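Beneath this line is the structure, given in structure tokens, with notes to follow.
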Amino acid sequence: MLICSECGRQLEEKEALVHKAADGSKKIICPACFEKLTGVDYRTFAYRKENARQTFFAVLFCLAATGYAFYTRGWEWGVGGIVLTLLVYFFSSKAR
Ligand SMILES: [Zn+2]
């Protein structure tokens, strides 16, 4: 059983969150305290994090495809791929 270091509530392991304080120390806290400390509720936070991860993979995939197109089809395709990668990046960061 874990204990929230902010309010002292007992937490289920799946409920417990690790919050990194401004001084770099890590604390175990509950979702309610997470919201109090960060001003963002945990679902929103998790959603943004997941979204950022998906953007990262999408961009990585585009870069790989760009590199491949560059080597197999020439620099025009490489430039096109970079433009496409930037578009993917901007659209996915705006979708948040
Ligand atoms: Zn708490």
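The values are calculated or read from the model by the stated rules, or taken from the named source; none is laboratory data. Computed from a prediction, not measured in an experiment: that's the story for all the values here. Methodologically, a virtual Cβ is constructed for each residue, glycine included, from the backbone with ideal geometry; neighbour enumeration extends over all protein chains shown.
Computed values, structure above
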item: Ser25 vs. criteria surrounded by 12 or more Cβ atoms within 10 Å (Cβ to Cβ) and hydroxyl-bearing (Ser, Thr, Tyr); result: no
item: Matching residues, the stretch 65-96, being assigned to a helix (DSSP H, G or I) and closer than 18 Å to Arg53 by Cα; result: Thr85, Leu86, Leu87, Val88, Tyr89, Phe90, Phe91, Ser92, Ser93, Lys94
item: Criterion (out of contact with any helix residue (DSSP H, G or I) (no Cβ under 9 Å at 6 or more places or on another chain) and at pLDDT below 90) met by exactly one of Ala64, Ala22; result: Ala22
item: Selected residue (criterion: surrounded by the most Cβ atoms within 10 Å (Cβ to Cβ)) from residues of the stretch 1-16 that are within 11 Å of the ligand (Cβ to nearest atom) and in a loop (DSSP other than H, G, I, E, B); result: Cys4
item: Those residues of the stretch 17-56 which are within 16 Å of the ligand (Cβ to nearest atom), in a helix (DSSP H, G or I) and in contact (Cβ under 8 Å) with a residue 12 or more places away in the chain, in sequence order; result: Pro31, Ala32, Cys33, Phe34, Lys36, Leu37, Thr38, Tyr42
